[in-house]
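The next block holds one structure in the form of structure tokens; read it before the comments.
The values are calculated or read from the model by the stated rules, or taken from the named source; none is laboratory data. Not measured: the values here are computed from a predicted model. Please note: Cβ atoms are built from the backbone with ideal geometry, for glycine as well, and neighbour counts cover all protein chains shown.
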Amino acid sequence: MATSSRTRIVLLGATGSIGENTLRVIAAHPDKLELVAIAARGQWEKLAAIARNFRVPHVGLFDDDALAAARQSDAFPAGTRFHGGLAGLTDLARLPEADTVLVAVVGTTGLEPSLAALTAGKHLALASKEILVLAGKFVMAAARTRGARLLPVDSEHNAVFQCIEGHATADVSRITLTASGGAFRDWPAERLAQVTVADALKHPNWSMGPKITVDSATLANKGLELIEAQQLFGLRPDQCHAVIHPQSIVHALVGFTDGSTLAQLCPPSMTFPIQHALLHPARAPGVEHPLDFTQLLSLEFRPIDERRFPMLRLAREVMNTGGTAPAIYNAANEVAVAAFLDGRLPFLAIPQIVSNTLSLIPSVEPSSLAEVLAVDADARRASLAQLPAFNV
Ligand code: MG
């Protein structure tokens, strides 16, 4: 596929925190990585700066108004080729000159581009949770059919990937994803009823957007990651576990049938998994300092109290149900978290909305992406309808 010696990268979601860290990695390895396309929802001024710095020929904008503004501006290099809407992002994902597509756009927007990249035989570096949660079955089938490589960018999945590589799936007994425990790791159950938006946005170790920070506080983020991991590594639900690890140094552990456990360790920064995914199977000096074992370092592991974190229990139920249940869990959680961030929902109502929606919308075995998206829309409607009852 690659005729040039550099890996040519399409970055969908260039303006978020994954995008920014990806640019740091690409900037550090100009001899190995080349950016050929960037896309974002609407932040065209930020895209223009990236296009100039990295001499990127293709630019995608999901939002029509932003696309019109970008086209009229003189902020982009001369000759920039613009791509608009979902069709534009999908075109970028199968750009003939690209080798690897990194998908870091939020929500369901990344679904079609991800499938298009795999179908075109590109390697897919995956940072968007929704893709495997909603369409794991279709994405994994597309990757198998074309022999395309699926490289997880999320720190935990990247860690499992690194530990599992070269081993037979049959030799893996369990995987354990670590969770920092989020903002309320040490809060007693009683205090969780008074949680404010400001409390939920204080993440101890990672700096991320508000949605994922709240998901870390409820552990819905870990629930979604378990669902993803099950799909990605072809495991049974009972093989996928999570543990609290406050230091965020060990990102995942893989247990083998002989009783050995391998772990992946690095500082809590996304540049490590991003670089691994983009350079795989090669390695090169990282953009940040590695761990220093000459300094005192303690690593702690604690079981997760599912009474305080019901989103994790619900995630395990959803994995056992299969079908569209993970999509319903994801959609209801998105609606509930948005309402919480708006000040329209108490913190403890988030798992209630998700649990109610899971009982309202039956899970089906989807035969197409369109069917999954229809269930996703139903689950959003059912979740929204519950909000007035919780009005704060
Ligand atoms: Mg993660």
- Task: Looking at (1) more than 22 Å from Phe138 (Cα to Cα); (2) in contact (Cβ under 8 Å) with a residue 24 or more places away in the chain, find the lone condition where Leu360 falls short.
- Result: (2)
- Consider Leu151 carefully, then state whether it is under 13 Å from the mean Cα position of the chain (by Cα), within 27 Å of Ala40 (Cβ to Cβ) and not assigned by TED's automatic domain parsing to the domain that holds Gly234. yes
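For every residue, the table says whether it meets (1) within 16 Å of the ligand (Cβ to nearest atom); (2) over 14 Å from the mean Cα position of the chain (by Cα).
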position: Thr178; (1), (2): yes, yes
position: Val197; (1), (2): no, yes
position: Ala220; (1), (2): yes, no
position: Glu225; (1), (2): yes, no
- Quick one: is Phe233 touching a Leu at 6+ places or on another chain (Cβ under 9 Å), aromatic (Phe, Trp, Tyr) and closer than 24 Å to Leu151 by Cα? no
- Query: Residues Asp215, Asp238: which one is of a type outside the set (Lys, Arg), buried (at least 23 other Cβ atoms within 10 Å of the Cβ) and either within 15 Å of the ligand (Cβ to nearest atom) or at pLDDT 95 or above (or both)?
  - Reply: Asp215
- Query: Going by the conditions given, is Leu296 surrounded by fewer than 17 Cβ atoms within 10 Å (Cβ to Cβ) and in contact (Cβ under 8 Å) with a residue 40 or more places away in the chain?
  - Reply: no
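Here is a yes/no grid of residues against (1) of a type outside the set (D, E, K, R); (2) farther than 30 Å from Arg8 by Cβ; (3) touching a residue at least 24 places away in the same chain (Cβ under 8 Å); (4) surrounded by 14 or more Cβ atoms within 10 Å (Cβ to Cβ):
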position	(1), (2), (3), (4)
Ala282	yes, no, yes, no
Leu312	yes, yes, yes, yes
Ala315	yes, yes, yes, yes
Asn320	yes, yes, yes, no
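Is it true that Leu192 is within 29 Å of Val337 (Cα to Cα), surrounded by 24 or more Cβ atoms within 10 Å (Cβ to Cβ) and away from the ligand (no atom under 15 Å from the Cβ)? Spell out how you get there, then give the answer.
Details: within 29 Å of Val337 (Cα to Cα): yes; surrounded by 24 or more Cβ atoms within 10 Å (Cβ to Cβ): no; away from the ligand (no atom under 15 Å from the Cβ): yes.
So Leu192 does not fit the description; no.
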- Message: For the range 100-130, which positions are more than 17 Å from Ser368 (Cβ to Cβ), among the hydrophobic types (A, V, I, L, M, F, W, C) and surrounded by fewer than 24 Cβ atoms within 10 Å (Cβ to Cβ)?
- Response: Val106, Ala120
- Query: Which number in (1) farther than 23 Å from Ala125 by Cβ; (2) at pLDDT below 90 marks the one condition that Val243 misses?
  - Reply: (2)
- Message: When you scan the range 349-360, do you find a residue that is of a type outside the set (Asp, Glu), part of a loop (DSSP other than H, G, I, E, B) and closer than 29 Å to Asp238 by Cα, even just one?
- Response: no
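Tell me the residue from Ala70, Ala66, Ala93, Ala78 that is without any contact (Cβ under 8 Å) to a residue 12 or more places away in the chain and either out of contact with any Phe, Trp or Tyr (no Cβ under 8 Å at 6 or more places or on another chain) or in the same structural domain as Leu33 (by TED's automatic domain parsing) (or both), please.
On the way: Ala70 fails: without any contact (Cβ under 8 Å) to a residue 12 or more places away in the chain; Ala66 fails: without any contact (Cβ under 8 Å) to a residue 12 or more places away in the chain; Ala93 fails: without any contact (Cβ under 8 Å) to a residue 12 or more places away in the chain.
Being without any contact (Cβ under 8 Å) to a residue 12 or more places away in the chain and either out of contact with any Phe, Trp or Tyr (no Cβ under 8 Å at 6 or more places or on another chain) or in the same structural domain as Leu33 (by TED's automatic domain parsing) (or both) holds for just one of Ala70, Ala66, Ala93, Ala78, which is Ala78.
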- Answer yes or no as to whether Gln247 is surrounded by fewer than 18 Cβ atoms within 10 Å (Cβ to Cβ) and either among the aliphatic types (A, V, I, L, M) or not assigned by TED's automatic domain parsing to the domain that holds Leu102 (or both). yes
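Which one of Arg307, Arg380 is of a type outside the set (A, V, I, L, M, F, W, C) and under 17 Å from Leu219 (Cα atoms)?
Values: Arg380 fails: under 17 Å from Leu219 (Cα atoms).
Unique residue meeting the criteria: Arg307.
Does Ile227 meet the test of being in contact with a helix residue (DSSP H, G or I) (Cβ under 8 Å, 6 or more places away or on another chain) and under 29 Å from Glu334 (Cα atoms)? Working first, answer last.
On the way: in contact with a helix residue (DSSP H, G or I) (Cβ under 8 Å, 6 or more places away or on another chain): yes; under 29 Å from Glu334 (Cα atoms): yes.
Yes; evaluated as a whole, the condition is true for this residue.
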- Count of the range 27-49 residues which are surrounded by 24 or more Cβ atoms within 10 Å (Cβ to Cβ) and in a helix (DSSP H, G or I): 2
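If you scan the range 132-158, which residues turn out to be within 14 Å of the ligand (Cβ to nearest atom) and within 16 Å of Glu112 (Cβ to Cβ)? Write out each step before concluding.
The initial filter retains those residues of the range 132-158 that are within 14 Å of the ligand (Cβ to nearest atom), namely 132-133, 152-158.
Result: Leu132, Val133.
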- Task: Could you tell me whether Thr169 is within 12 Å of the ligand (Cβ to nearest atom) and of a type in the set (S, T, N, Q)?
- Result: no
- Message: Regarding the range 202-223, can at least one residue be identified that is without any contact (Cβ under 8 Å) to a residue 40 or more places away in the chain, over 24 Å from Glu317 (Cα atoms) and in a loop (DSSP other than H, G, I, E, B)?
- Response: yes
